[in-house]
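J.: Dumping the structure here so I can ask a few things about it.
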Amino acid sequence: MGLFDRVRQCLRPSSGSSAVVTSENPDVVFAPTPGAVVPLCQTPDPAFSEGMLGQGCGIRPSAGVIYAPVDGVVAFTSETNHAIGFSSDDGIEVLIHIGIDTVEMAGRGFVRQVEANERVRAGTPIMTFSREAIASAGYDDMVFCVVTNTDAFRAVTLEAEEHVAAGADLIRVSR
């Protein structure tokens with residue numbers, strides 16, 4: 001069972017315009033949403049902050065739109081639309097996870113525009129979410145962006161500091 005298979009199991013519930021992509025570098029994961037960048041170790045979800053799902057960061061979103069972070073294929077989508085995985089054309093596996101415990105919202109406030117196995121280009125809008133619905137439900141709307149196959153690279157480093165625009169360089173992998 002691969003990592004995306006394990007992530008799919010964990011994400012199952014228990015009961016347009018494009019972003020500006022600023023680089024053609026295949027070793028870059030672009031910011032999936034605009035907002036304040038939070039180092040992964042400072043995020044309030046232990047599964048992410050302890051690096052269990054890979055290396056990356058959290059983003060305190062300033063908008064409710066998610067853009068494809070890489071050129072590649074949608075590897076999986078969650079039934080509740082709060083998480084989506086990508087396999088880039090260059091071998092980077094990326095997980096975008098919206099909110100903490102938002103699986104409990106059962107999809108309310110999330111609208112996905114892509115399906116599993118669909119090809120995407122970095123910067124393509126792939127999902128919208130209601131920050132207000134998340135807050136009203138009592139959850140944190142932090143967006144996590146992690147490289148789940150971190151071990152395949154020599155290094156995975158955060159490129160952005162403080163605030164990031166959607167489509168800006170966020171994470172760089174070194175081969």
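The values are calculated or read from the model by the stated rules, or taken from the named source; none is laboratory data. All figures in this text were calculated on a predicted structure; none of them were measured in a lab. Please note: Cβ atoms are built from the backbone with ideal geometry, for glycine as well, and neighbour counts cover all protein chains shown. For accessibility, only protein heavy atoms count, side chains too; no ligands or nucleic acids. Shrake-Rupley method; radii C 1.70, N 1.55, O 1.52, S 1.80 Å.
J.: In a shell of Cβ-Cβ distance under 15 Å around Ala137, excluding Ala137 itself, what net charge do Lys and Arg (+1) and Asp and Glu (-1) give?
T.: So the surrounding residues net to -3.
J.: From largest accessible area down, sort Tyr139, Tyr67; use a 1.4 Å probe on the protein chains.
T.: Tyr139, Tyr67
J.: Right, something else. Leaving ligands, DNA and RNA out of it, report the carbon-plus-sulfur percent of the accessible area of the chain at a 1.4 Å probe.
T.: 47
J.: With the crude spin-label approximation of a point 7 Å out along Cα→Cβ, what separation in nm comes out for Asp151 versus His163?
T.: 3.9
J.: If you don't mind, there's one more thing I want to ask. What nm value, rounded to one decimal, do you get for the distance between Asp90 and Asn25 when each label is placed 7 Å out toward the C-beta?
T.: Spacing of the two 7 Å Cα→Cβ label points: 0.8 nm.
J.: With every protein chain present, what is the per residue accessible area of the chain (1.4 Å probe, Å²)?
T.: Solvent-accessible surface per residue comes out at 45 Å².
J.: Next question, about the same structure. Give, in nm to one decimal, the length gained when the segment between Gln42 and Val111 is fully stretched (0.36 nm per residue of separation minus the Cα-Cα distance).
T.: 22.0 nm
J.: How far apart, in nm, are two points set 7 Å out from the Cα along the Cα-to-Cβ line at Glu104 and at Arg119?
T.: 4.1
J.: Can you give the charge dipole size of the chain about its Cα centre, rounded to the nearest 20 debye, using +1 on the beta carbon of Lys and Arg and -1 on the beta carbon of Asp and Glu?
T.: For this selection, approximately 240 debye.
J.: Here's a follow-up. Applying a 10 Å radius around every beta-carbon, put 153-159, 143-149 in order of their mean neighbour count, most first.
T.: Top of the packing list down: 143-149, 153-159.
J.: Over region 73-157, calculate the relative contact order: mean separation of alpha carbon pairs under 8 Å at least 6 apart, over the residue count, as a percent.
T.: After rounding, I find 33 percent.
J.: Can you find, among Phe30, Gly72, Gln55, the residue sitting farthest towards the positive end of the charge dipole of the chain, where Lys and Arg contribute +1 and Asp and Glu -1 at Cβ?
T.: Among Phe30, Gly72, Gln55, the one farthest towards the positive end of the dipole of the chain is Gly72.
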